[in-house]
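Here it is, the structure in full.
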Amino acid sequence: MDISLALGGGGARGAAHLGVLRVLEQEGFRIRAIAGTSIGAIIGALYARYRSAAEVARVIQSVDQSKLYGWPLSEGPGLLGVRGVHDFLRQHLGELTFAELPIPCAAVAVDLNSNREIVLQQGRVIDAVMGSIAVPGLFPPKSYNEYLLIDGGTLDPVPVRPARALAPDLPVVAVSLMAPLDAPKTPLSLPIPVPEPIAQQIARLSITQAVRIFVDAIDIGQRQMTELRLQLDRPEVLIRPEVADINLLDRVDIPEIARRGEVEALKNLPSLRRAVSWRARLFRAVQQAIGLGA
């Protein structure tokens, strides 16, 4: 039961991907290609590297979430620095290139120089992933070859087309972490360790309130873009874990959020099995033939 996987962005919500991967493996689905945006690019690259949901979960759970982000210092234009994220990825991806990954993989970003979506599947994996996670304004953009990269979720929050391009004959299972448009807002949390009295003072500052508005604006835009792209790109299966209550920068209980992904994946087992049935394979073959004929 071979599939291609599209993992969406969503910051701290990304732990839900772990539960989805666990269910797919347990039910006998083989991931033959994987494309990711933002946190989906991180999880996707790690899965393409280790080929094991359990190992990826172990790696993610080993992270000290309080050390992922910090004050920007000289990292570039952004409210937060990402040295901790870079060091974590370097530990597990090192100098690996996309060509060296056991599973075909792509990371989606947006190039500020050309104002277009960039699907990265050549060169060092860590560079592509760092570009894909660079939420504009929050994290510094990533210079990569001729590109100046920011978060791929700006234009493609759930990279269905890149996943389909990697394995045109296979059904695409998309995992979206973006909350519905009518979901309530969640309080903004500080992603770096700050004593509680100081945190309360910071929360009252105008700059903190401005960041809250900025994060909300990004979230609204990505929710809208998610709905539009899903309607256009039409994955064969869509899994949407219930993670609307989690903020982009929250520190989370990773096993609990992974469990939410697992619950939603189990609910979608009938759709997953239909997507890999012989009838579905025949239907896709006919569609491709018609497309080639046109």
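Would a scan of region 262-271 turn up a residue that is among the basic types (Lys, Arg), closer than 30 Å to Leu166 by Cα, at pLDDT 80 or above and touching a helix residue (DSSP H, G or I) at 6+ places or on another chain (Cβ under 8 Å)? Spell out how you get there, then give the answer.
So the first thing to find is which residues in region 262-271 are among the basic types (Lys, Arg), and the list is 267.
In the following step, the residues that additionally are closer than 30 Å to Leu166 by Cα were identified as 267.
Now drop any that are not at pLDDT 80 or above, which leaves 267.
Now drop any that are not touching a helix residue (DSSP H, G or I) at 6+ places or on another chain (Cβ under 8 Å), which leaves none.
Within region 262-271, none of the residues are among the basic types (Lys, Arg), closer than 30 Å to Leu166 by Cα, at pLDDT 80 or above and touching a helix residue (DSSP H, G or I) at 6+ places or on another chain (Cβ under 8 Å).
May I pose another question? Of everything in region 1-44, what is farther than 22 Å from Met130 by Cβ, open to solvent by 20 Å² or more (accessible area, probe 1.4 Å) and assigned to a helix (DSSP H, G or I)? Give them in sequence order.
Arg22, Glu25, Gln26, listed by residue number.
Filter region 110-165 down to residues that are under 15 Å from the mean Cα position of the chain (by Cα) and among the small types (Gly, Ala, Ser) and give me whichever is farthest from Gly84 (Cα to Cα).
Selected residue: Ala163.
Related question: Looking only at region 250-278, which residues are buried (at least 17 other Cβ atoms within 10 Å of the Cβ) and under 16 Å from Ala174 (Cβ atoms)?
The answer is Gly261, Glu264, Ala265, Asn268, Leu272, Ala275, Val276.
Filter region 78-113 down to residues that are among the small types (Gly, Ala, Ser) and at pLDDT below 95 and give me whichever is nearest to Thr154 (Cα to Cα).
Of all residues in region 78-113, those among the small types (Gly, Ala, Ser) come to 78, 81, 84, 94, 99, 106-107, 109.
From what's left, at pLDDT below 95: 78, 81, 84, 94.
Values: Gly78: 16, Gly81: 19, Gly84: 23, Gly94: 27 Å.
Out of the qualifying residues, it is Gly78.
The values are calculated or read from the model by the stated rules, or taken from the named source; none is laboratory data. Source: prediction; values computed, not measured. Note: ideal-geometry Cβ built from the backbone for every residue, glycine included; neighbour counts use all protein chains shown. When the accessible area is computed, the model is the full protein with side chains, heavy atoms only, and any ligands, DNA or RNA have been set aside. Shrake-Rupley method; radii C 1.70, N 1.55, O 1.52, S 1.80 Å.
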